[in-house]
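To keep things clear, I will list the structure first and then write my remarks on it.
No lab work stands behind these numbers, since they all come straight from the coordinates. Since we're looking at a predicted model, the values are computed, not measured. So basically every Cβ, Gly included, is an ideal-geometry build from the backbone, and we count neighbours across all protein chains shown.
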Amino acid sequence: MNCVCPECKNDVNLGRYPNLAVGNVIECDVCGITLVVKGIENNEVFTEIADEGK
Ligand SMILES: [Zn+2]
């Protein structure tokens, strides 16, 4: 699966998340931002930036 970070536009390494599903929280290892999985379609993972610091 592929996931492009909405913040830094780099590919997020999904190897750490073998059972990725909608609602999961992942982290971009390039910029370190926290992302929430919003949808998975055609091997593409769509994410939204999560609100941090709460
Ligand atoms: Zn990033």
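A few comments on the model shown:
- Database note for the chain: Cys without another Cys beta carbon under 4.7 angstrom, C3.
- Computed over the Cα atoms of region 2-49, pair by distinct pair, the Kirkwood hydrodynamic radius stands at 10.4 angstrom.
- Mean-square fluctuations from a GNM of the chain, with a 10 angstrom spring cutoff on Cα atoms, peak among N42, N13, N24 at N42.
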